[in-house]
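Worksheet for the structure shown next.
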Amino acid sequence: MVEHRNAMHLAAAQARRLRTGRRSRVLQFASIGFDASVFDLLMAFGLGGALYLPDPADRESAPALLDFVRRRRITHATLPPALLQGHAIAPFAHRPTFLLGGEAPSPAWCTSCRGMRA
């Protein structure tokens, strides 16, 4: 069980560490049935930001999802490294913050993203 105050502590920590706030545009990638979705919900709504839910077509591949991030100017996205591995990520004009979780990304992939804030 997670008490409400702990959820609010998480939202406050996200605001400090990840610089979330009312201008945040958060990608909801995890299924609402997955506990990780709470992280995205709090990141968006904890301080008045916006939550973006991609259409199924935008979730079909890494290039389609990254294009969604570009078009919608997503500021924060929590994604599994397996989705992005093998795909070079071109620099974004708006510098989104990608949070990776679920497994460790490969060192080679991390090297290919050098210079990006991840």
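The values are calculated or read from the model by the stated rules, or taken from the named source; none is laboratory data. None of these values were measured; they are calculated from a predicted model. Here the Cβ positions follow ideal geometry from the backbone for every residue, glycine too, while neighbour counts run over all protein chains shown. Side chains included, ligands, DNA and RNA excluded: accessible areas come from the protein's heavy atoms. Shrake-Rupley method; radii C 1.70, N 1.55, O 1.52, S 1.80 Å.
Quick one: which of 37-43, 102-108, 57-63 comes out on top by average Cβ neighbours within 10 Å, and what's the full order, highest first?
37-43, 57-63, 102-108
Highest mean first, the peptides 90-97, 14-21 sorted by other C-beta atoms within 10 Å per residue fall in the order 14-21, 90-97. Run lengths n ≥ 4 of DSSP H only: what is the helix-derived mean residue ellipticity at 222 nm for the chain, with -39500 (n - 2.57) per run over all residues, to the nearest 500? Mean residue ellipticity at 222 nm (helix-derived): -11000 deg cm²/dmol. With a 1.4 Å probe and every protein chain kept in, tell me what percent of the accessible surface of the chain is carbon plus sulfur. Carbon and sulfur: 58 percent of the exposed surface of the chain.
Take the Cα of MET8, go 7 Å toward its beta carbon, and the backbone nitrogen atoms of segment 24-65 under 18 Å from that spot belong to 39, 41-49. Using the Stokes-Einstein relation with a Kirkwood hydrodynamic radius computed over Cα pairs, the translational diffusion coefficient of the chain at 37 °C and a viscosity of 0.692 mPa s comes to 222 µm²/s.
Near THR78, the amide H atoms lying under 5 Å from its own belong to LEU27, PHE29, LEU99; only residues 5 or more places off or on other chains count, and H is placed 1.01 Å from N.
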